[in-house]
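Inspection log for the structure reproduced underneath, given as structure tokens.
The values are calculated or read from the model by the stated rules, or taken from the named source; none is laboratory data. Since the structure is predicted, the reported quantities are computational estimates derived from the model, not experimental observations. Here Cβ is always computed from backbone atoms with ideal geometry, including for glycine, and neighbour counts include all displayed protein chains. Quick note on the areas: whole protein, heavy atoms, side chains included, nothing else; ligands and nucleic acids left out. Shrake-Rupley method; radii C 1.70, N 1.55, O 1.52, S 1.80 Å.
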Amino acid sequence: MKSSIYTRAVAVLASAALLAVSACSAGSSTSSGSSPGGDQNLSIGLVAEPASLDFTTTDGAAIPQVLLGNVYETLVKQDDSGKIVPSLAKSWTVSPDRKTYTFDLVDNAKFTNDKQFTASDAVFSINRVKTAWTTSLKAAMDVVSQAKALSPTQLQVTLAKPSNDWLFRMTTRIGAMFSESGVSALATAPVGSGPYTFSKWNRGDSIVLVRNDKYWGSKPFFRQITLKYFKDATALNNALLTGTINVISTVQAPEALSQFTSNDKYQVIEGTTNGEVLLSFNNSLPLFKDIRTRQAIRMAIDHKALLDTCWAGRGKLIGSMVPPTDPWYEDLTGVTPYDLAKAKSLLQASGAVGKTLRLRLPTLPYATSCGQVVKSQLEQAGLKVRIDQLEFPAAWLTTVFKNADYDLSIIAHVEPRDLGAVFGNPKYYTRYDDPTLQGYLAAADAGDEAAQVDNLKKAARRLSEQAAGDWLFLLPNLMVADKDIKGLPTNAITENFDLSKLAR
């Protein structure tokens, strides 16, 4: 729910600047003849169902997970290594002052409403982020001063200032290209140019996508993909064991993996993600304005024991808001090591001993499992913890994310490069306001590549030293599937689950 949680609030993070011509080709071509997989269908098990299908007005990672790259396409996208590569833009150039981007677009893409995709649609889509989007993600487009169509296949975007981050953000949901005549019912009837079309949504159960046989690029293998949602980890596992589904997209009971690893009918994939499991602090509350309380909470948690207990030791301890797949990653687990005696002393000094904290958890397996461990460890340090379960996504998004009505929470922020989104905007649900951090983020966005890396390392260390939250661990990418399914990603480092790569 990438989310951070699943949203990004400011455009001050950075990605690698592209300062020269991208000479890459579009990476896919129109195919002819019969579709690769014929009438074959695939069923995938997931956990977090979207609250809506409109990610322009609704937060949550579950929507782009399904729609981005599958129904909606972007001008540019990330490949499996995180490199920015062509999509609807087959190439682009960047001006010497790093403020003007000129995109050459493919000329054979159509939306599912039969409208041709042109530069005018790109202008409409970019401007609509600034004018019609209501999620905090829209701020990533604020740096754009003008977008204009130079021709039906050429787009020019001018930034108000150089930004390392902007092109990277165009690979995420804010870069989705919409048809001007196809945005009247985004919540229920998405219209895109991608390899799949939206078919139906059985709320509480499944979403069905059907292959777009008019797709401009390479046709996907499967004719139909059903995304089935399970709230219970055991039910999810049983669905694969009984053949109800073919893929578990994210294992929710790592301790039960042995039933699959010992069976040659299945394959198990293990890699990494962007999913920082954050013990969030409501930094607007007086209790959390005292750094001693924040540091005490971090020191009271034995992170290795927590990971071993609630997630079967799967995942990685990181110590701040950066995964190892980002260029500015550093292992910061030693900044605030487990020290129960010191935690007790700090809580005593800050006057927090005996205080009751509301740990408001989404009904997601990792959160409910790890929440019990957090409660136990914090109570050993002298705090009292009351756990409240909030239905996810609706109740959690309203209560915690929107209204910040919580003391502590646990959520996996799965969007790429979301440090600035989660902690750089004082209005975000963490309510963290640190001018020093904001300065590092701004310098990272405006500087050259070396300055970007240097300042984002400083930002990550600052977060850890100031104990803006507690990073419990980084979620692993754990998938289980029928043995013959091909194209499953080892690492899940983008917002979307690319269904077009899957085959038998």
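Remark: the Lys304-Ser284 segment gains 4.3 nm on full extension, using 0.36 nm per residue and subtracting the alpha carbon distance. Each Lys and Arg Cβ is given +1 and each Asp and Glu Cβ -1; about its Cα centre, the chain then shows a dipole of about 540 debye.
Of all DSSP-defined beta bridges confined to the chain, some 75% are antiparallel rather than parallel. For the listed residue pairs Lys384/Lys458; Lys161/Lys501; Lys316/Lys402; Lys138/Lys200; Lys90/Lys427; Lys289/Lys457, the alpha carbons are over 31 angstrom apart in Lys384/Lys458; Lys161/Lys501; Lys90/Lys427. Within the stretch 91-132, the percentage of alpha carbon pairs spaced more than 15 angstrom apart rounds to 57%. Could you compute Rg(Cα) / (2.2 N^0.38 Å) for the stretch 95-163, with N its residue count? My calculation over the Cα atoms of the stretch 95-163 gives 1.18. Computed from label points 7 Å out along Cα-Cβ, the spacing between Ala160 and Thr398 is 3.4 nm.
Label zone of Tyr329 (point 7 Å out along Cα→Cβ, amide N under 19 Å): in the stretch 258-294 this covers 269-279.
Taking 20 °C and 1.002 mPa s as conditions, the stretch 40-92 diffuses translationally at an estimated 165 µm²/s according to Stokes-Einstein applied to its Kirkwood radius (Cα pairs).
Of the trypsin sites (Lys or Arg not before Pro) found in the stretch 174-242, those in coil by DSSP whose Cβ has at most 16 other Cβ atoms within 10 Å are Arg203, Lys214, Lys231. When the Cα positions of Leu167, Ala51, Ser184 are compared along the charge dipole of the stretch 29-188, Leu167 comes out farthest toward the positive end, with charges on each C-beta of Lys, Arg, Asp and Glu. Could you check how much of the accessible area of the chain is carbon and sulfur, as a whole percent, using a 1.4 Å probe? Exposed carbon and sulfur together represent 48 percent of the surface. Using the Cβ-Cβ distance between Thr242 and Lys83 with R0 set to 35 Å, the FRET efficiency from 1/(1 + (r/R0)^6) comes to roughly 0.35. With θ taken as phi - 60° and the Karplus curve 6.51 cos²θ - 1.76 cosθ + 1.60 applied, the whole-hertz 3J(HN,Hα) list for the stretch 317-327 is 7, 10, x, 6, 9, 9, x, x, 7, 8, x Hz, x standing for glycine and proline.
Among the trypsin sites (Lys or Arg not before Pro) in the stretch 68-152, those located in a DSSP loop and surrounded by at most 14 other Cβ atoms within 10 Å of their own Cβ are Lys83. Qualifying GluC sites (Glu not before Pro) in the stretch 367-450, where qualification requires a DSSP coil assignment and no more than 16 other C-beta atoms within 10 Å, comprise Glu391. In sequence order, the stretch 76-91 has phi-based couplings of 10, 9, 9, 8, 5, 8, x, 6, 7, 10, x, 9, 6, 9, 7, 6 Hz under the Karplus curve 6.51 cos²θ - 1.76 cosθ + 1.60, θ = phi - 60°, and Gly or Pro positions carry x.
Residues of the stretch 320-351 falling in the label zone of Gln380, defined by backbone nitrogen less than 16 Å from a point 7 Å along Cα to beta-carbon, are 337-345. Once amide H atoms are placed 1.01 Å from N in the peptide plane, what residues at a sequence separation of 5 or more from Ile387, or on another chain, have their amide H within under 5 Å of its amide H? For Ile387, the qualifying residues are Leu359.
With helices as the sole contributors, the chain gives -7000 deg cm²/dmol at 222 nm; each DSSP H run of n ≥ 4 counts as -39500 (n - 2.57), and the sum is divided by every residue. Each principal axis of the Cα atoms in the chain has its own extent, and those three values, largest first, are 70, 57, 36 angstrom. Temperature 4 °C, viscosity 1.567 mPa s: under these conditions the Stokes-Einstein estimate for the stretch 58-202, based on its Kirkwood radius over C-alpha pairs, is 84 µm² per second. At a probe radius of 1.4 angstrom, the accessible area of the chain per residue rounds to 36 square angstrom. Inter-label distance, Ser181 to Thr363: 4.2 nm, where each label sits 7 Å from its Cα along the C-beta direction. The tail of the calculated P(r) for the stretch 290-333 beyond 13 Å holds 63 percent of all Cα-Cα pairs. Here the extension length gained between Asp114 and Ala132 equals 4.1 nm, from 0.36 nm per residue of separation less the Cα-Cα distance. Separation of the stretch 287-349 from the stretch 104-150 is 41 Å, based on Cα centroids. For the stretch 340-348, backbone phi angles converted through the Karplus equation (6.51, -1.76, 1.60; θ = phi - 60°) give residue-by-residue couplings of 4, 5, 5, 4, 4, 5, 5, 5, 5 Hz, Gly and Pro being listed as x.
Looking at the square roots a ≥ b ≥ c of the eigenvalues of the Cα gyration tensor of the stretch 378-504, which shape do they give, rounded for a/c under 1.5, prolate if a/b is larger than b/c, or oblate? Oblate is the answer for the stretch 378-504, as a/c is 1.5 or above yet b/c matches or exceeds a/b.
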